[in-house]
Amino acid sequence: MLGSLSPLEVTGLVVSLIGLVPVLTQYRDETKLFTAGYVLLVVGMVATNLETFALEPVLNVVEHAIGIGAAGVVFLAAAYVRRESVVKG
């Protein structure tokens, strides 16, 4: 069962979980959208690895809709908010 896991996807999960530590420990109100985007990426990586074991169609939608799509929208919003705050000074 564990043999069916992709080494690349497991590595991505481990790296994203390790990266979650500084993202959460250095959280500030100004970075909440970037933090939310990163958490959504981690959710996508977890779903990627879990779909090997169960609920493949559902977790595949979670991976792509939340882990990629929603994360992209949140990062776009974060960049826009940051740009607005820099431009306005």
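The values are calculated or read from the model by the stated rules, or taken from the named source; none is laboratory data. The shown structure was predicted, so the numbers you read here are calculated from the model rather than taken from an experiment. Please note: Cβ atoms are built from the backbone with ideal geometry, for glycine as well, and neighbour counts cover all protein chains shown.
Just a few scattered comments:
- In the stretch 66-76, residue farthest from Leu5 (Cα to Cα) [restricted to those that are surrounded by fewer than 16 Cβ atoms within 10 Å (Cβ to Cβ) and modelled with pLDDT of 95 or more]: Leu76
- Residue in the stretch 35-43 that is surrounded by 17 or more Cβ atoms within 10 Å (Cβ to Cβ) and not in a helix (DSSP H, G or I) present: no
- Note on the stretch 1-38: residues that are among the small types (Gly, Ala, Ser) and more than 16 Å from Ile68 (Cα to Cα) amount to 4.
Listed here are the residues, each with its yes/no results for (1) in a helix (DSSP H, G or I); (2) touching a Ser or Thr at 6+ places or on another chain (Cβ under 6 Å); (3) modelled with pLDDT of 95 or more.
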residue	(1), (2), (3)
Ile18	yes, no, yes
Asn49	yes, no, no
Asn60	yes, no, no
Glu63	yes, yes, no
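- Qualifying positions in the stretch 49-60 - among the β-branched types (Val, Ile, Thr) and either surrounded by 14 or more Cβ atoms within 10 Å (Cβ to Cβ) or at positive phi (or both): Thr52
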